[in-house]
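Trainee: Questions regarding the structure given below will be posed in turn.
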Amino acid sequence: MTTAPLTRLPLLAAGLLLGAGLGGFVDGIVLHQMLQWHHMLSAQLPPDTLVATKVNMYWDGVFHAAVWVMTVIGLRLFWTAARRPDVPWSGITFCGGLTMGWGLFDVVEGLIDHQLLGLHHVQEYTTNKLAWDMAFLGFGVLLLLLGGLLVRAGRIPQAID
Amino acid sequence: MKRLFIGYLLAIIWLLPTVCQACTVCRPKVQAAIHTPEYSANVALLLLPVVVLLLLGLGLYYIGPVLARRITAGFFFSRS
């Protein structure tokens, strides 16, 4: 009888999706709703009237619904990974995955929405939008590095990864 | 617990309005501004980062261990 070698990747993947989802909620709650620095389409449709603001709120809702789905999928993967005998349980690896997921959200969303498509910028009400966008990307990279260190610290000698 | 859950669900259904409760003045303008010919393009653009993240996460979950096992077993090196 052969047993599958130990692997941390499923736990890491679940942490990545959950972290990305939670990072998306931080973005939505803090930057969209509390600080109101931007909305999903605020560079295309500036929220300077009530109607434009409500339209932006609708598109925020569409994005956050998708982020909610991503979080649920992450939770499902976490549940499945927890019951696999070939996946070693490691809190530090999972925390690393969560942190990397948040960072990955900031980097992917920052590159695609802010830089590539120009749908919105981190701070719409400033003359130097690029500086805020770069700070957002930098924060994402920092979280990625921190998460990577945690994942590295949670290595298990018997595991293949 | 079951009764509490059913009661909670019934309360939500009861609270769901049968008619639109949004602002009657601006709602038609808001709906008109949302449902433009660019609607599908907007949805696709907004969902793009989520799709990329999902592909990364699911790829790592399902394909990652297979690749790691092959690399560990020297699959790529033994064929060269």
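The values are calculated or read from the model by the stated rules, or taken from the named source; none is laboratory data. All figures in this text were calculated on a predicted structure; none of them were measured in a lab. Neighbour counts are summed over all protein chains in view; Cβ atoms, including those assigned to glycine, are modelled from backbone coordinates with ideal geometry.
Trainee: Take residues that are closer than 28 Å to B:Gly64 by Cβ, at the interface with chain B (Cβ under 7 Å from one of its Cβ atoms) and of a type in the set (Phe, Trp, Tyr) and tell me which of the helices (runs of 4 or more DSSP H) falling wholly in the range A:1-117 contain 1 or more.
Mentor: A:50-82, A:91-109
Trainee: Could you say whether any residue in the range A:89-101 is on the phi > 0 side of the Ramachandran plot and touching a residue at least 60 places away in the same chain (Cβ under 8 Å)?
Mentor: no
Trainee: Got at least one residue in the range A:26-36 being more than 20 Å from A:Val67 (Cβ to Cβ), in contact (Cβ under 8 Å) with a residue 12 or more places away in the chain and either of a type in the set (Ser, Thr, Tyr) or surrounded by fewer than 23 Cβ atoms within 10 Å (Cβ to Cβ) (or both)?
Mentor: No; the residues of the range A:26-36 include none that is more than 20 Å from A:Val67 (Cβ to Cβ), in contact (Cβ under 8 Å) with a residue 12 or more places away in the chain and either of a type in the set (Ser, Thr, Tyr) or surrounded by fewer than 23 Cβ atoms within 10 Å (Cβ to Cβ) (or both).
Trainee: Quick check on my filter: what residues within the range A:102-161 are touching a Gly at 6+ places or on another chain (Cβ under 6 Å) and among the aliphatic types (A, V, I, L, M)?
Mentor: Result: A:Val107, A:Leu137, A:Leu143, A:Leu144, A:Leu150, A:Val151.
Trainee: State yes or no: is A:Val107 at pLDDT 95 or above, within 13 Å of the chain's Cα centre (by Cα) and among the β-branched types (Val, Ile, Thr)?
Mentor: Taking the combined requirement at face value, the residue satisfies it.
Trainee: Continuing with this model, one more query. Answer with yes or no whether A:Thr126 is hydroxyl-bearing (Ser, Thr, Tyr) and buried (at least 21 other Cβ atoms within 10 Å of the Cβ).
Mentor: In short, no.
Trainee: Let me ask something else about it. Could you tell me which residue of the range A:139-161 is farthest from the other protein chains (Cβ to nearest Cβ), considering only residues that are outside any helix (DSSP H, G or I) and among the aliphatic types (A, V, I, L, M)?
Mentor: Residue satisfying both the conditions and the ranking: A:Ile156.
Trainee: Considering only residues of the range A:121-155 that are charged (D, E, K, R) and over 20 Å from A:Gln33 (Cα atoms), which is nearest to the chain's Cα centre (by Cα)?
Mentor: Among those that are charged (D, E, K, R) and over 20 Å from A:Gln33 (Cα atoms), it is A:Arg152.
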